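Chemist: Take a look at this one; I'll ask things after.
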Amino acid sequence: VDALAASLPGHTVTLDASLEREFEQRLADCPVLAYRVALGVLRNTAEAEDVAQEAMLRAFRNFHRLRDRDRFRAWLVRAAWRLALDRIRSVGRRERREQAFFESGSGGAIDHEADSREFQRHVAAALDALPEKLRIVMLLAAIEGYNTREVAKLVGIPEGTVKSRLFLARKQLAEKLEWLVKNRKAR
Amino acid sequence: MACEKQKGSITALALGELHAKRELELLAHTGDCDACREAYEHAARVRDSVERGVESLVTGEPSPHFATRLRARIAAEPAPTRSYWSTWAPVAATLALVALMAALTLRTHRHSITPDVATLPPAVAPIAPSYPTNANSLTPMARIARPRGGGAIASASSQRLSSHAPELPEVIVPPGQLAAALELTDAFSDKRVDGQQLVALANKALEPLKINDLEVPPLEQLAPLADSSEDPGSF
């Protein structure tokens, strides 16, 4: 067998046209997902973009194994998640990033209020304190357009498990942030 | 503060985790009980704030240059390739398997039909199953399995023995393997695969394995048992 393989050096089959077309489709609808997953971990738009680029590039390199749409998206989410976690290992960098993110007000709908930014900071901290398996389902379920079934496909676990993890995550976040909501209401 | 009886269920109600029946009961209760209603409203406020807070962390789009940058990086990459070997490996494996099955079938056939069988009178020769003469009435698999010419297996075998003419055995293979074998045949005709080398490899695979003599080391004296009070450790 080895001899046969050795007798065919340099013979390769290049990425064919149909494969390119399929990758173009993924390129159109998947980068936002990778970007948002990375943003949920890094909370820095520039770094989230870098991670999403890297994840997509790796997906391109492995695309012959990832032609199925669901499989591609699940792989991409895992890649973006891992790459983002690798980036955030350095605690100092993480603090600086979060500082910039919350001060720039790039966080979304409630960023116009100072106390909202403060609240966001607490939400982020509470989220970071969650176990990884709860955190990933919480983040994915918060991305627009992803219901529990979609999240189950992306994470590769049964939908019932997603629901129970979501419940646990929400409960833990609610317990940690309850006092803050009470304070905000009192003000 | 919710009343003691419902305290544990208020958060679950706000998070939508109760069964429909229990949910209706508790909602009805909050209509009557001010403390529980207030607790429920607070839990719902916390839930909404947390949801919005998490959503704000994953809201946003990559910059408009994202796709351009990504395309440029992809263009700079060497095109992903599949090695020629990985394309043909399954076909080669199938061919080797078919060759192995053919050899085994041939060998079994030769062992089962000895020269004594050939000299037996026709009355004690094994009775072969008969096949319908109309080929169209057979299923595709049956057509593949059916011996050519519609003759009995025993007579075909005895013909083989008497004439000593080599004939390929009939082998039933799953449709996928058959397609793979046909694909490989095409590859041979197009000279994409070196047939001689492939046959040599298949023959090599058929060579009997060398089995070394088993070496039994002399028995050693058993070590004394360890102290039973020692901690066995955990997994």
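Rule-based calculations on the coordinates, nothing more; no lab input. These numbers were taken from a predicted model, which means no experiment stands behind them. Please note: Cβ atoms are built from the backbone with ideal geometry, for glycine as well, and neighbour counts cover all protein chains shown.
Chemist: What ranking, highest mean first, results for peptides A:35-43, B:186-194, A:53-61 when packing means the other Cβ atoms within 10 Å averaged over each residue?
Modeler: Highest-to-lowest ranking by the protection proxy: A:35-43, A:53-61, B:186-194.
Chemist: Order of A:Glu178, B:Glu38 from fewest to most other C-beta atoms within 10 Å?
Modeler: Fewest to most other Cβ atoms nearby, the residues stand as B:Glu38, A:Glu178.
Chemist: For peptide B:39-50, how many partner chain Cβ atoms fall within 10 Å of a residue's Cβ, on average?
Modeler: Rounded to a whole number, the mean comes out at 5.
Chemist: At a 10 Å Cβ-Cβ cut-off, how would you order A:Trp75, A:Trp179, fewest neighbours first?
Modeler: Ordered by Cβ neighbours within 10 Å, fewest first: A:Trp179, A:Trp75.
Chemist: Can you give me the long-range amide H partners of B:Cys33? Hydrogens built in the peptide plane at 1.01 Å from N, cutoff under 5 Å, separation of 5 or more residues or another chain.
Modeler: Sorted by chain and number, the residues that satisfy this come to none at all.
Chemist: Along the stretch B:195-201, what does the Karplus equation 6.51 cos²θ - 1.76 cosθ + 1.60 (θ = phi - 60°) give for ³J(HN,Hα), rounded to whole Hz, x for Gly and Pro?
Modeler: Values per residue, Gly and Pro as x: x, 4, 5, 5, 5, 4, 5 Hz.
Chemist: Still on this structure: Just rank A:Ile88, A:Ile136, A:Ile157, fewest to most, by other beta-carbon atoms within 10 angstrom.
Modeler: So the ranking, lowest neighbour count to highest, is A:Ile157, A:Ile88, A:Ile136.
Chemist: Taking a ≥ b ≥ c as the square roots of the Cα gyration tensor eigenvalues, with a/c under 1.5 meaning rounded and otherwise prolate when a/b beats b/c, else oblate, which class fits the stretch B:7-51?
Modeler: It comes out oblate by the Cα gyration axes.
Chemist: If you don't mind, there's one more thing I want to ask. Write out the trypsin sites (Lys or Arg not before Pro) in the stretch B:1-48 meeting two conditions: DSSP loop, and at most 14 other Cβ atoms within 10 Å of their Cβ.
Modeler: Passing both the DSSP loop test and the Cβ count: B:Lys5.
Chemist: With labels modelled as points extended 7 Å from the Cα through the Cβ direction, what inter-label distance (nm, one decimal) is found for B:Leu97 paired with B:Glu61?
Modeler: The answer from the label model is 5.0 nm.
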